[in-house]
Structure formats: C-alpha cells, structure tokens
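*Asks:* Before I ask anything, let me first share the structure, which is written out below as structure tokens.
The values are calculated or read from the model by the stated rules, or taken from the named source; none is laboratory data. Keep in mind that what you see is a predicted model, and the values were worked out from it rather than measured. Here the Cβ positions follow ideal geometry from the backbone for every residue, glycine too, while neighbour counts run over all protein chains shown.
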Amino acid sequence: MRIFHDISEWRRERVAQVRRGSTLGFVPTMGALHAGHISLVKGSRSRGDFVVVSIFVNPKQFGPGEDFGRYPRDIERDAALAEEAQADLLFAPDADEIYPAGFSTSVDVGSLGATLEGASRPGHFRGVATIVLKLFHLVAPDAAYFGEKDAQQLAVIRRMVRDLHLPIEIVGLPTVRDPDGLAMSSRNTYLSADERSAALRIPAALGDARDACRRGERSAVTLREIVLERLGRDGSVVPDYVALVQPATFALVPLVEREALLLIAARVGKTRLIDNMLLRAGSS
Ligand code: AMP
C-alpha cells in the first residue's frame, strides 16, 4: 500500500490508477482507525474496488472548544491497519495544502445541516461537506463509503451529491459495535472505565426503544421518555438531544409511521457521543 501526502503527486498516481481500469472506492476518515472504518474498507474491497482511504483531521468541522487539538493521531498505526484491510492507497494530505492561505469557499448544506447535530455543533456540516467535496474532487471515486453511525453526516453527503450532480455512488454501511454494544468511535479512547460503563446506557436506551416499538409503541414522546429513563438522571450521561426523525430529511416526526430514525447525542464526562437506530413500526 502506498501513502501519499502531496496533492500533485497524488493526482498523477490517481490518473494512472483509473487508467488501469478498476472502479475506485473511497473511504474518507479522520484516522484513529477502528473496526468501523475497517468495515468500510472491506465493504469497498468486497465490491472489487481499488480502495483509497484518506486520513485528514479536518479543522473546519471542529468548533471552538471541541477536541481538534487532542483528537487521536497515529499515522503509522493507521497505515498498518489500512494495509491489513487491503486498502490500496492511503491519502493523508497536509492541512496547509488542503487549506492554503486565503481559503474561503465552503459548501452550505442548508437546513439539513442546521438541525440536531448541526444545531449543537454550528458550522460542523459546512466543514464536513466542504472537505468531502474537496476530497471527492481529488480522489474522483466511483463510490464512497460512509458509516450509518454518523447518520446525519450520511444524509448530508447524499444530499450534496444529489444537489450538485456528483457522479459518485454513496454507500452507507451499518454501525460496528464493540461486543458490549457501544458503537465504535475514535472518541471512545477518551472514556475512563467508569465513563465507558455509563456510555453503555446509550445503546441500551436504543435497544429499549426498539423493544417498545416492537411491542407496538409508536409515539415519539413515549419513545423519548423510554430513552431518557434508561440514560438516567444521575449526571453520568447528559443527553444533548434525543430525537425521532424522518431518515432522509431529519425532520422530527411525532410517530414511527413505517420507519423512523431514533438519534441520541449525549455527553459522558467530557466526551460527546452519538448513536442511532432505525425503528420499524411493528417489526424493527
Ligand atoms: P471518522 O474518522 O470518525 O470521520 O469516520 C470516518 C467514517 O467511518 C465515517 O463514514 C463514519 O461514519 C464511519 N464510522 C465511524 N464509526 C463507525 C462505526 N462504529 N461503524 C461504522 N462506521 C463508522
């Protein structure tokens, strides 16, 4: 697996690769790779793609006071994991090449990017959409792979691709969880042992809501109460939002009609975690 840091060298190589004829699959990440990222690499691989993984901790999607400075970075470990998963190329551009002095253009994703995660993290989805569009131009993939764990991000990317007519297939793949149920996240490394056990209330709460939905409960108000009850009120898990939404628009819905996405964002100590589950009326 070759590693590129320089954009012009990268562009020459990518063109050569496309000429070799395989479809190009792209997995954009911020590094600190875990089994969730690896599942995306394997998903791309299983479709016969030539697989490009990018690693870029994108300053423009972090707000002031967020964890940009302490976000875990270990390019050697990541390169070894990507290679083991049979990625073909790793693209790890430098921030000053991606954002040269005077950089000022950005992608505004409208109301989909302003609600929920976007309301809690103003500018976050503008930063995400901008870097993903830039990487799409640099990598020019046929397909790009994203995790359903970041459900609103996936919806934002799908919307951008549709609205801007980008010739890229967006593939969403299921959330990978640790055996105890916690959704894998690079941020889980911040959790102390006590915080990690408190964080398990998040997947447990989603499971409670799914069970209630299976028993016929469809009201957003009641499902929210079920979630909040499980998250507890002792301060170890502090909900930011708990919301039932329409999966493509992220508009709040009062009922699980056929299906709806249940979202949780919560703070455990200083760490902010998100998770979600698709609920299906009667059968989820
Ligand atoms: P990140 O490095 O956190 O920006 O994530 C890069 C990609 O990996 C995004 O498409 C995420 O949705 C995806 N991802 C992160 N965690 C998981 C997970 N637990 N399961 C599946 N995909 C994930």
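*Asks:* Testing Asp180 on (1) touching a strand residue (DSSP E or B) at 6+ places or on another chain (Cβ under 9 Å); (2) of a type in the set (D, E, K, R); (3) more than 22 Å from Phe250 (Cβ to Cβ), one condition comes back false. Which one is that?
*Replies:* For Asp180, the failing item is (1).
*Asks:* Which of (1) on the phi < 0 side of the Ramachandran plot; (2) modelled with pLDDT under 95 does Ala82 not meet, given it meets every other one?
*Replies:* (2)
*Asks:* Report, by residue number, each residue of region 84-101 that is assigned to a helix (DSSP H, G or I) and either touching a Ser or Thr at 6+ places or on another chain (Cβ under 6 Å) or surrounded by 16 or more Cβ atoms within 10 Å (Cβ to Cβ) (or both).
*Replies:* Ile98
*Asks:* Restricting to region 159-183, count the residues that are away from the ligand (no atom under 11 Å from the Cβ) and under 23 Å from Leu273 (Cβ atoms).
*Replies:* Total meeting the criteria: 3.
*Asks:* Report every pair of residues separated by at least 6 positions or lying on different chains whose Cβ atoms are under 9 Å apart, first residue within region 121-147 and of a type in the set (Ser, Thr, Tyr) and modelled with pLDDT of 95 or more, second outside any loop (DSSP other than H, G, I, E, B) and surrounded by fewer than 22 Cβ atoms within 10 Å (Cβ to Cβ).
*Replies:* Pairs found: Thr130/Lys60; Thr130/Gln61; Tyr145/Ser39; Tyr145/Gly43; Tyr145/Ile170; Tyr145/Val171; Tyr145/Gly172; Tyr145/Leu173.
*Asks:* Please determine whether any residue of region 143-161 is farther than 22 Å from Gln246 by Cβ and over 13 Å from the mean Cα position of the chain (by Cα).
*Replies:* The answer is yes; a qualifying residue exists.
For (1) free of Cβ contacts under 8 Å to residues at least 24 places away in the same chain; (2) more than 13 Å from the ligand (Cβ to nearest atom); (3) buried (at least 20 other Cβ atoms within 10 Å of the Cβ); (4) not in a loop (DSSP other than H, G, I, E, B), each residue gets a yes or a no:
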site: Glu9; (1), (2), (3), (4): yes, yes, no, yes
site: Glu13; (1), (2), (3), (4): no, yes, no, yes
site: Arg45; (1), (2), (3), (4): no, yes, no, yes
site: Val52; (1), (2), (3), (4): no, yes, yes, yes
site: Arg73; (1), (2), (3), (4): no, no, no, no
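Let's see how each residue does on (1) within 19 Å of the chain's Cα centre (by Cα); (2) among the hydrophobic types (A, V, I, L, M, F, W, C); (3) within 16 Å of the ligand (Cβ to nearest atom); (4) in a helix (DSSP H, G or I):
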{"position": "Gly21", "(1), (2), (3), (4)": "no, no, no, no"}
{"position": "Gly36", "(1), (2), (3), (4)": "yes, no, yes, yes"}
{"position": "Ser39", "(1), (2), (3), (4)": "yes, no, yes, yes"}
{"position": "Lys60", "(1), (2), (3), (4)": "yes, no, yes, yes"}
{"position": "Arg77", "(1), (2), (3), (4)": "no, no, yes, yes"}
{"position": "Gly118", "(1), (2), (3), (4)": "yes, no, yes, yes"}
{"position": "Phe125", "(1), (2), (3), (4)": "yes, yes, yes, yes"}
{"position": "Val128", "(1), (2), (3), (4)": "yes, yes, yes, yes"}
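*Asks:* Sticking with this structure for a sec: Give me the pairs, please: first residue somewhere in region 199-215 and free of Cβ contacts under 8 Å to residues at least 40 places away in the same chain, second residue anywhere and part of a helix (DSSP H, G or I), beta-carbon distance under 6 Å, and either six or more positions apart or on two chains.
*Replies:* Pairs that qualify, where the first residue is free of Cβ contacts under 8 Å to residues at least 40 places away in the same chain and the partner is part of a helix (DSSP H, G or I), are Arg201/Arg230; Arg201/Leu231; Ala204/Arg230; Asp208/Ile226; Asp208/Arg230; Ala212/Ile226.
*Asks:* List, please: which pairs have Cβ atoms under 6 Å, are six or more places apart or on different chains, and start with a residue in region 226-240 that is more than 14 Å from Asp275 (Cα to Cα) and end with one that is acidic (Asp, Glu)?
*Replies:* Ile226/Asp208; Arg230/Asp208
*Asks:* Looking only at region 138-153, count every residue that is more than 8 Å from the ligand (Cβ to nearest atom), in a helix (DSSP H, G or I) and more than 15 Å from Phe56 (Cα to Cα) and tell me the total.
*Replies:* 2
*Asks:* How about region 228-253: which of its residues are on the phi < 0 side of the Ramachandran plot and touching a Leu at 6+ places or on another chain (Cβ under 8 Å)?
*Replies:* Val237, Pro239, Tyr241, Val242, Ala243, Leu244, Val245, Gln246, Pro247, Thr249, Leu252, Val253, listed by residue number.
*Asks:* With respect to the numbered conditions (1) of a type in the set (S, T, N, Q); (2) in a loop (DSSP other than H, G, I, E, B); (3) in contact with a helix residue (DSSP H, G or I) (Cβ under 8 Å, 6 or more places away or on another chain), which one is the sole condition not fulfilled by Ser104?
*Replies:* (3)
*Asks:* Which residue, of Ala220, Ala260, Ala212, is farther than 21 Å from Ala183 by Cβ and small (Gly, Ala, Ser)?
*Replies:* Ala220
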